[in-house]
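Shown next, in C-alpha cells, is the structure this report addresses.
What follows draws every value from the coordinates through simple rules; no lab data is involved. Since we're looking at a predicted model, the values are computed, not measured. Don't worry about glycine lacking a Cβ; one is built from the backbone with ideal geometry, like all the others, and counts go over all protein chains shown.
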Amino acid sequence: MKYFILLTIFILTAIRCSSVSTKQALELSPMNTYTFFDQERSPQEVETYLKTIEAENKDSEITSWWANYMRARTWKTQNPQYSCQLFTQLSKTRGFPLQKLAFLRSQEVCQTSEDTKTLFDVSYFKDEVWLHDLHIDLAYTKASETNNYKELSTLALMKSKESLIPSQKIAYMQEAIQAASKLGDEKLLSSYRDRLYRLAPRLKPNPKKSDTLDIAYDLRKARKFDKAIANYKAVIANKGFTYNQKVRAFKGIRATYKLMHNKQKYVLATQQLGRFVERYFSKNKKSNFYQREFLNTQIELARTMWTEGMIKDTRRELEKTIKLLDGRESTEEVYWLLARMDEERGDFDGAIEQADLALAQPSKSKDILEKLLWLKAWNLRKMGFYQESVDYFDRLVASASSPFIKNKFMYWQAVSLKDINEDDRADDILNELITLDPYGYYGVLAYETLQKEIPTLLADSDYEIKKQKLTSEKDTESYLLWLIAVRELDASHKLLKTLPLEKMSFKEQVHTLKFYKLAEDYRGLFVRISGFDPEIRNKLVSVDPEFFYSSPYLDLIAQNAEKFGVSSELILSIMRQESAF
C-alpha cells in the first residue's frame, strides 16, 4: 500500500499550474488566469493587471473582450453601473462567443433593463442549454420584480417542474397560482391547482377518503408527523380499506417513527405490521401471495430487531418463520440471517451449519446465493479450512455478480491458495487481478502480495491539450475555453455535462476529459469516468493519472502538513478515503 500512496503523491505533486504570463495572456494550458483571478484581489489590483495585458496585446480584439469581461465581473459589487455598461457592450459585440452570457450578466447587474423581451424569450437560448438555469433564474427574478404576472406564472411553473426539492416545487407552484389569479385566467388556475394538489395532496380543500394514504405520505414528507400518523391510523381502523392499503398504512407509520428517530415506536410499529400480516397468512396458508407477504415482513421485522440489539427476539421470529412456512416458500434468506447472527457471536460452526441449510433451499435470489457462498468461504477460512474455502471461492469467482466483487473474490481465492502452498496458481490469479484492476483496491493489494513494485504512471504527451488561444469561433471547444478563461466555471460544468462522451473515440474522450480538469469540475469528471467500462478506465489512468488522482489543493495540503506536523501523504490518503478527491 505504501507504494500506492507514494505513487499517488508523486503524480499529484508533479502536476502544477504555472504562473501567469502576460506575454501569453490568453493561452490556456495550463490555465493562466488560475493563479491570479482565483485569489482574492481588489478591483484596483485587477485593473492594473488587465491594463498590463492589454498594453502588451494592443491590436488584439480578443484580448480586449476577455479583459472587459473580467473587468465587468470584478466591478459588479463596487461599481455595478460600470459593470452593467461593460456587460451590455459585450452583449452587443458581434463575434464575441459569450454574447448571450454577457446579456444575462447585464440583466443581473443593471438596475434598469431595456431588453426584457429577449430575457423572457425562452427560444433565444435554445442552442445554449448550458445557460438554461441561469436564464430561467434571472427571468423569474425580473418578472417578480416588475410584477409581470404573465411571465411569472409561466416561469414559476417551469421552476416548479425543474426543481428536485419537493418543498421548492410546491412553493413555486403556489407562486404560479398567485400570478395566474392576478391575471384572472380560470383555465390556467384550474390546471395549476391540479398540479399543486398532485404535488401536495394535503393542500386539497375537500379531499376524498381515497386520498387518505396520499395525504398521510405527503404529511410525512412535510415532517408533519403527528398528522401523518393520524391519517395512517384512520386507514387501518376503517373497514373500507383493502389489505394492501392497510399494509401501506402500517409501513407508513413505521417509516414515520424512523424519521422521528423514535426507535422504540419504530420497532413496535414493525411488530404490529408483522402481526397484521401473520393473521392474514394464518387464514390463507396455501396462498403464494400471503406466503411471500409473511416471509418478507418477517425478514424486515428480524432485521429491525437485530439492528436494535434484540438478539433473542430476532432468533425467535426467524425460527417461527421457518416453522410456519413449513417448506411452502424458500427460506434461504432466513437461514442466511441466522448464519450471520452466529458468525457475529463467533460461532463459526453454527454459521456454516445454517448456511448449509440455506443452500439446501430452492434459490430464488442470486444475491443471497452469493452472500451464502461468501459466508461459507470466509468462515471456513477463519477456521483454518483453507482447501474447503478455496472450493467456495472458485464458485464465487465463476459466478460473480460484478467486476468489483469478482476482484474481491479473486484476491481471497489467491490468498487462500497460498495458505495451502499452491503458490503458482495463486500468483497466476494475482497477476490476472493486476491486469484486470491495476490501480483499484484489490489490484494494489495484489501488487503488495506479490511484492511487486507498482509501475510509474506517466501521461502520454500525444494526448496533452496543446496550448490554445481564445478565438471568435462559436463551437463547443471555443465556448469551453472562453468560459474557463473568464472563470464562468458553473456554466462550463453544465456545458461539459451535455457532451456525449459515450459516442466519442478514445482519443476524443481523453481530450474532452482534460477540460474537466481545466474547469475544476472534479466531481463531474469522476461521475463521467465511473460510467466507463473497466478496460477504458484502466486505459485512461495510464494516459493521465490525474483523471483518478486529482487534487486541486496541493499547496493547502502542504501548508497544513507543516502546521500540524504530519505528512502530506496522510492528509491525501484521508481526502481520498473521505471525499471525491
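Key figures
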| quantity | calculated |
| --- | --- |
| [x] -0.38, -0.83, -1.00; [y] -0.32, -0.73, -0.89; [z] -0.52, -1.05, -1.16, with the label sought being that of the calculated log10 I(q)/I(0) by the Debye sum over Cα atoms at q = 0.06, 0.09, 0.10 Å⁻¹ | [z] |
| Extension reserve of the residue 508-residue 77 stretch, reckoned as 0.36 nm per residue once the Cα distance is removed | 151.2 nm |
| Net charge contributed by nearby residues that have their C-beta within less than 9 Å of residue 83 (K/R +1, D/E -1) | +4 |
| For a label point 7 Å along the Cα-to-beta-carbon line of residue 497, residues of region 163-185 with backbone N under 13 Å | 163-165 |
| Dipole magnitude of the chain about its Cα centre (Cβ charges: Lys, Arg +1; Asp, Glu -1), debye to nearest 20 | 3620 |
| R0 of 35 Å, Cβ-Cβ distance residue 473-residue 178: FRET efficiency to nearest 0.05 | 0.20 |
| Region 202-249-region 334-353 distance, computed between alpha-carbon centres (Å) | 40 |
| Förster radius 60 Å - calculated FRET efficiency between residue 542 and residue 244, Cβ distance, rounded to 0.05 | 0.65 |
| Computed lengthening from residue 185 to residue 324, 0.36 nm per intervening residue step minus Cα-Cα distance | 43.8 nm |
| Exposure proxy ranking, count of Cβ atoms within 10 Å, fewest first, for 70, 158 | 158, 70 |
| Above-threshold pairs, the threshold being 25 Å between Cα atoms, out of 494/517; 406/539; 208/286; 126/150; 224/494; 51/497 | 208/286; 224/494; 51/497 |
| Potential extension, residue 48-residue 129 segment - 0.36 nm per residue separation minus Cα distance | 25.6 nm |
| Pairwise FRET efficiency - residue 404 versus residue 424, Cβ, R0 = 30 Å, nearest 0.05 | 0.70 |
